[in-house]
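The values are calculated or read from the model by the stated rules, or taken from the named source; none is laboratory data. The structure presented is a predicted model; accordingly, all values stated were derived computationally and were not measured. Here the Cβ positions follow ideal geometry from the backbone for every residue, glycine too, while neighbour counts run over all protein chains shown. To get the accessible areas, we keep the full protein, side chains included, count just its heavy atoms, and leave off ligands, DNA and RNA. Shrake-Rupley method; radii C 1.70, N 1.55, O 1.52, S 1.80 Å.
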Amino acid sequence: MTVKMNGKMHSETGTFSSDGMRAEILNPFVHKLELDNTYDKIRTAIFTVILLPFRVIVICYLIVSAWFLACIGLYGLSEEDLRRKPMTGWRRSLKPLICFIGKMSYLAGGMAISIRGRQASRKEAPILVVAPHSSFLDSCIVYATRMSSVIVRKESMDNYVGKLINYTQPVYVWRDDPNSRQNTIKEIIERATSKEDWPQVLIFPEGTCTNRSCLITFKPGGFYPGVPVQPVTIRYPNAKDTVTWTWEGPGALKLLWLTLTQVHSSCEIEFLPVYYPSEEEKKDPKLYARNVRDVMAKALGVPVLDYTYDDCRLIARAKQLGIPGGALCREVSELRAHLGLDSSPSDMEPSPGAWYDLQQFARRLGTDAQNPHARRLFDIYKQRSNGLVFFPDYQLCACYLSLQHEPVATILQHAFKLYEASGRLSRNQFEHVAARCLGLCVEDAGHAFTQADIDEKTFITYDDFINFAQKKAEFSFIFTSDSTKPKTQ
């Protein structure tokens, strides 16, 4: 089954939806944005000179004004006061003014925010569930919902906008606290079930930014209270997407620059009907989260995929290390599961130099060439030059998936065997492995080989390389768990 969105067929990366049906969609963690014609480049250059400075000045003035009002509202209140009881009286009466200024800051940047539907009261829905989450500009939802309480990392509060965030009386998350998840859920439950007039709790259940091509797995934290929630969707129906901020794509400053140099941008916020959980959903937060996601996906007209924040990290690490098929390793994991290879990797015996056609590849996987999962795996690793798969490349990705929480050194140890049964790699072989396992260019890999081959044997073993790498600071990343190769290398 193929899914069409916005009139275009997305087929860059095939994945499997939660029901096992095929959906050809873009990788949700990738966003490509370029000024691809002369007109766009000239217009952006002109607006950078005549429009951008004016907008930045006005936005800064408005943000400072909102920050100043937040400081007044928070005067005399400690962090403990903010967590103990909701603000009342004159402090709370400042919220509408701050929200108005916040909306004006978006309008000053050329972005008009339109709202559809009606925001439910706290009594109707103590929790607002917002998706998709695709940009730092999604913070406009805070102003649109009259300063609902957000969930934020405590360490992110030590900055200029911390006062504005504090004014929402947020639920704090301490990433360094091993009990952070349980404590956060506990506080959400307390807020949602309290009889006091707290602001509604606002949650982005996806937990990370995507490109809005689908809805990924909703984290269940906001569904543990078992209370009614109101789904809220965000759309950016613009000709050029200058807002999407994903793991792979333009950085925040580039996106802000391109957004502020657009003549006009739009953001549509829609409040869907309140979702009342069944007794079964109240007992099963994950089921509750899935069902709310399905409702929101239907309203948005996009598919759902069981991707998570951890999948995002898995893909990012694979790409930094140069793992073959790294951008699609989440899909490779699902395909292997469908083929029964995830728990007992019978396809992991070394086969150095093995170039396979589809028939041979499927046979090695223990299936036949008509199996759609085997065919898709073959397509992922097929070389355009000869139409064949170099089997060790596939095996390295499978090894990475099974050892994803282990140090890179452990994966490298397997790679030495996968690409050469004797475990002794020549210079060319090591350059090949280092590019796919350490993210090294040919020049750096060759230099490392020369230094590791202290006896000039014209080959090195895993132990030879490790003895060399342990003395080099630039290779320290391979000895830590779940690490990524530094981007500066």
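For the reader, a short list of remarks on this structure follows.
- Gain upon complete extension [residue 146, residue 48; 0.36 nm per residue less C-alpha separation]: 32.0 nm
- With θ taken as phi - 60° and the Karplus curve 6.51 cos²θ - 1.76 cosθ + 1.60 applied, the whole-hertz 3J(HN,Hα) list for region 188-194 is 4, 4, 4, 5, 5, 9, 5 Hz, x standing for glycine and proline.
- For region 28-108: rounded, prolate or oblate by the Cα gyration tensor [a/c cutoff 1.5]: prolate
- Taken along the Cα-to-beta-carbon direction at a fixed 7 Å, the label points for residue 153 and residue 479 span 2.6 nm.
- The number of Lys pairs in region 59-211 with C-alpha atoms less than 16 Å apart, excluding pairs fewer than 8 positions apart on the same chain, is 7.
- Estimated FRET transfer efficiency (residue 368, residue 124; beta-carbon r; R0 60 Å; 0.05): 0.60
- Electrostatic dipole magnitude of region 359-489 [Cβ: Lys, Arg +1; Asp, Glu -1; Cα centre; debye, to 20]: 520 debye
- Solvent-accessible area of residue 93, all protein chains in place: 70 Å² (probe radius 1.4 Å, heavy atoms, ligands and nucleic acids excluded).
- Charge dipole magnitude, Cβ of K and R +1, D and E -1 - region 194-308, Cα centre, debye nearest 20: 200 debye
- Solvent-accessible surface ranking, highest first, for 143, 167, 39 at 1.4 angstrom: 39, 143, 167
- Within the chain: Cβ-based charge dipole about Cα centre, in debye rounded to nearest 20 (Lys, Arg +1; Asp, Glu -1): 1760 debye
- All lysines inside 16 Å of residue 240 as judged from Cα atoms, apart from same-chain residues fewer than 8 positions distant: 8, 32, 41, 254
- Rounded if a/c under 1.5, otherwise prolate or oblate - region 246-357, Cα gyration tensor axes: oblate
- Calculated FRET efficiency, residue 427 to residue 40, Cβ-Cβ distance, R0 = 51 Å: about 0.65 to the nearest 0.05.
- Chain lengthening between residue 386 and residue 282 when straightened (0.36 nm per residue, less Cα-Cα): 32.0 nm
- Apolar share of the accessible surface for region 88-194: 56 percent from carbon plus sulfur atoms, 1.4 Å probe.
- Probe 1.4 Å - accessible area at residue 466, Å² to nearest ten: 20 Å²
- Solvent-accessible area per residue, Å², over region 393-478 with all protein chains present [probe radius 1.4 Å]: 45 Å²
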